[in-house]
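Written below as structure tokens is the structure these notes are about.
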């Protein structure tokens, strides 16, 4: 059972205060969805949880790992799918995944990487440079990282943005499997309809604070 | 962790070879610099031999400045730099990967520039190529170490290429002096490159020890 | 920072008095029979050279403290020390050139001290330009701190490499690597007085600049708070 505890998290950019005391506790098999207006700090919160930003004030723990001094280890247990695809255009799909795996110290056979590319539906493009990929294809390839790394925590920033209806359904199946397997998901979204198919706890981020929504959406 | 260093360097070198981006522009730029030197000084054979260490190092410096300007440009596409920062290896390892990639590309270019210089300036020093290249390698280790750090420092800055040159040139003054003197030292029979090679080694050690540490500070947000 | 505000005025008055007194001493000091009136330039040259280095030491120490303790006052001091140091370095180079022309017959010589001073000036400029070119205050503070420390490591290497270079190449230009004549006897008290005045002047300028930097940052803070209220 993995457990994530965030308490009294603050963050400011320069002198602009974005987060003013965020608390969140969750454990394996849960999915938290963050709603909120543009600029409410959803992306900032996700980036903080990914340990890309160092903590300014507050605490963040994943199991016994403290983000203040064990960022490297926390990073090895999460995957962050942000607005950026982090893909190198001159590398092929498989090479991009290989780069990702090596930077996490994963020992992956090429076969496993190819299988991941196949699962996300990009088998015909496994050895093509990703430069010419459409936004939807790029999104699928970034999601292949989840299959390669098998993380405990998955952070998603507007994962549905580039996907068509078919893609949304496919992603929801993938995420449902992930939760079933004991993973934790924290996702930022502005669209309650698309996440409706997913068993989740909605939260709202407003004025730098996070509040759980009373009524449960979805099934 | 060594695998991460290798993979980052591999990505940069392979990427460059596939797009022929930095490598070819560095090479052609160096030829342009050599032509400018030739036109400006018009050295005869004897003068060219005497000028060669200085010409060589000035060319090395200008071309590597060009390559350094692009080290982190490759990480801007698709926000790849964020991806690097999400890696579960320490920041210093990421620095070493970026440094190794730049080092290999720069050495590749210099390996082509050296014979080119000898041809264009009509200097008969072919038997000395291993010695001269050895000195070049010693200098380029520290030059790229400091250079990649400064490239990371100016990555988010306005008019960063100019700033990079402004920061790098004064700091590498000792490297340039030692490099030129050491090269001149290995080119004459009774030359004494010893102390200068030692200075190059000091420079390399200091910067390769400091740079990964400094990089950690620069990328922390 | 309240402390700075309190000492600013008294420090300014003391600096002015000290500068006045030491200038009077300089113009009443006996003339060196070889150098004539131009020796008086050295009374400004030597202390400002010392202050150019002092400011760099202050800059380096503030940078280390800033990175270590994340203390904003240290960053403000670092930001204030750079332009003051650059000014002293420029004065050193200019006064050295003016003194060098009649004494050495040349404005400039590539000896170790001059070269290091020139590199120091470019380094100061680079540090200021870097802070200027980075929009995000936190990034700017960290980057300049790292650069200042790198520079502090580099300066001795630069100095010794130029010393080696000159001694191996052109031995004994202008009597060794040092261009300064020895100053003894009656010339010493005014020089000491001038040195103290320059230390006071440097301190005063840093205080002045630090307060300006702080006021500037407070202004930005107010701006952001007003924007947040509008939300």
Across the range B:1-59, the tally of residues that are over 20 Å from the mean Cα position of the chain (by Cα), outside any helix (DSSP H, G or I) and in contact (Cβ under 8 Å) with a residue 12 or more places away in the chain stands at 2
- Can you find even one residue in the range B:156-167 that is away from every other protein chain (no Cβ under 13 Å), assigned to a helix (DSSP H, G or I) and either touching a helix residue (DSSP H, G or I) at 6+ places or on another chain (Cβ under 9 Å) or surrounded by fewer than 19 Cβ atoms within 10 Å (Cβ to Cβ) (or both)? no
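To keep it simple, each residue is scored yes or no on (1) touching a helix residue (DSSP H, G or I) at 6+ places or on another chain (Cβ under 8 Å); (2) modelled with pLDDT of 90 or more.
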site: C:51; (1), (2): yes, yes
site: C:55; (1), (2): yes, yes
site: C:64; (1), (2): yes, yes
site: C:70; (1), (2): no, no
site: C:96; (1), (2): yes, no
site: C:118; (1), (2): yes, yes
site: C:143; (1), (2): yes, yes
query: Is it the case that residue A:151 is assigned to a loop (DSSP other than H, G, I, E, B) and surrounded by fewer than 21 Cβ atoms within 10 Å (Cβ to Cβ)?
result: yes
Checked against (1) closer than 22 Å to residue B:92 by Cβ; (2) out of contact with any strand residue (DSSP E or B) (no Cβ under 9 Å at 6 or more places or on another chain); (3) touching a residue at least 12 places away in the same chain (Cβ under 8 Å); (4) assigned to a helix (DSSP H, G or I), residue A:74 satisfies every condition except (2)
Inside the range B:168-204, the number of residues satisfying the requirement of being assigned to a helix (DSSP H, G or I), without any contact (Cβ under 8 Å) to a residue 40 or more places away in the chain and either away from every other protein chain (no Cβ under 11 Å) or surrounded by 19 or more Cβ atoms within 10 Å (Cβ to Cβ) (or both) is 11
Taking the range C:126-150 and the residues there that are buried (at least 23 other Cβ atoms within 10 Å of the Cβ) and more than 7 Å from chain B (Cβ to nearest Cβ), the one that is nearest to residue C:67 (Cα to Cα) would be C:145
Counting only residues in the range A:104-117 that are farther than 12 Å from residue A:145 by Cα and free of Cβ contacts under 8 Å to residues at least 24 places away in the same chain, the one nearest to the other protein chains (Cβ to nearest Cβ) is identified as A:107
Result of the Cβ filter at 6 Å on the range B:82-95, keeping first residues that are more than 7 Å from every other protein chain (Cβ to nearest Cβ) and partners that are surrounded by fewer than 21 Cβ atoms within 10 Å (Cβ to Cβ) and assigned to a loop (DSSP other than H, G, I, E, B), at least 6 apart or interchain, is B:93/B:1
Looking across the range C:151-161 at residues that are more than 7 Å from chain B (Cβ to nearest Cβ) and modelled with pLDDT under 85, the single one that is farthest from residue B:162 (Cα to Cα) is C:160
Restricting attention to the range A:89-100, the residues that are more than 7 Å from chain B (Cβ to nearest Cβ) and over 21 Å from residue A:159 (Cβ atoms) number exactly 4
With criteria (1) within 8 Å of chain B (Cβ to nearest Cβ); (2) modelled with pLDDT under 90; (3) part of a loop (DSSP other than H, G, I, E, B), residue A:86 comes up short on (2)
Selection over the range A:39-67 where residues are more than 12 Å from chain B (Cβ to nearest Cβ) and more than 21 Å from residue A:27 (Cβ to Cβ) yields a count of 5
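The values are calculated or read from the model by the stated rules, or taken from the named source; none is laboratory data. This one's a predicted model, so the numbers in the text were calculated from it and none came from an experiment. Every residue, glycine as well, gets a Cβ built from its backbone with ideal geometry; the counts of neighbours run over all protein chains shown.
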